[in-house]
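Written out below as structure tokens is the structure these notes cover.
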Amino acid sequence: MAKTEQRNGLDVRESNMKELSDNGKSIKHELASEVNGNAINEETSVDRYGFTGGAQQYSAETVEDLPIEVLRQREAKWLEMLNSWDKWMAKKHKKLKERCQKGIPPSLRGRAWLYLTGGKVKREQNKGKFQELDDQPGDPKWVDIIERDLHRQFPFHEMFAARGGHGQQDLFRVLKAYTLHRPDEGYCQAQAPIAAVLLMHLPAEDAFWVLVQICEKYLPGYYSKGLEAIQLDGEILHALLKKVSPVAYRHLENQKVGPILYMTEWFMCAFSRTLPWASVLRVWDMFLCEGVKILFRVGLVL
């Protein structure tokens, strides 16, 4: 497979990553055919998460609904925390973690993610920065690649179903702004689903700063050209698997399946393209509270 010099994504690798490149390429073609082969009409029902179909669509069998009284109680508790955030982070972090493990109330999830990641502080420290980046045209090589990836991100979600719709426009704005914020890193294909999930819960500027925090604080080095960080974490996951489940470890070894082949998309996309949507949100609640160790725990379970 020829090496593409400009692209820094799941389907572009050094020669020693050829198998992973081919795998990422096939996934991309499946998504493209999915979009072209399934027109979403106006009568299609939309689930509670905004999906009209696809693997992520909500099923009552996969989620246990909370009683409304419990949900309202949790919302009140989260509002109290968000309104006195510094105190909770300094003195009651254990309790905060417990509440994240129970699941953040949907009505407050976006605000909680912004606070948990430090995106709110980052935004306040850089007032006007996103608008400044948004007003710039961007590097043509990254702009072209980002535009070609937009329709592949959750094509069955109401925000991203329409080509050129507001969801795709905001996704383009956030990803383009990141390439200008980090020109040394540019754009990686795996950043698109991350940004799309954030835009389902946050306005574009807030989503941008949370993306910055995820790329720089939670998963540093994951989206760089060499992908050394993801390869290193793959080896760590493989060693943990040997300890936790020797049978599974031996099976993968016998089949010559290295960790980079099955965990790259899991970790780089934070399971957003892998799990049922209710599970994705719960994983993200804990991931943004506790960090990358949550991805390792989920990976070991899978």
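The values are calculated or read from the model by the stated rules, or taken from the named source; none is laboratory data. Please read these numbers as outputs of a predicted model, since none were measured by experiment. All Cβ positions, even for glycine, are placed from backbone atoms using ideal geometry, and neighbour counts span all protein chains on display. For the accessible areas, the whole protein counts, side chains as well, though only heavy atoms, and no ligand, DNA or RNA atoms are used. Shrake-Rupley method; radii C 1.70, N 1.55, O 1.52, S 1.80 Å.
The lone criterion from (1) within 25 Å of R297 (Cβ to Cβ); (2) open to solvent by 10 Å² or more (accessible area, probe 1.4 Å) left unmet by I194 is number (2). Among the residues of the stretch 154-192, those identified as without any contact (Cβ under 8 Å) to a residue 40 or more places away in the chain, of a type outside the set (D, E, K, R) and over 30 Å from S45 (Cβ atoms) are Y178, Q191. Evaluating L202 against the criteria (1) surrounded by fewer than 19 Cβ atoms within 10 Å (Cβ to Cβ); (2) assigned to a loop (DSSP other than H, G, I, E, B) leaves one unmet condition, (1). Of all the residues in the stretch 266-276, those that are at pLDDT 95 or above and either assigned to a helix (DSSP H, G or I) or more than 15 Å from I230 (Cα to Cα) (or both) number 4.
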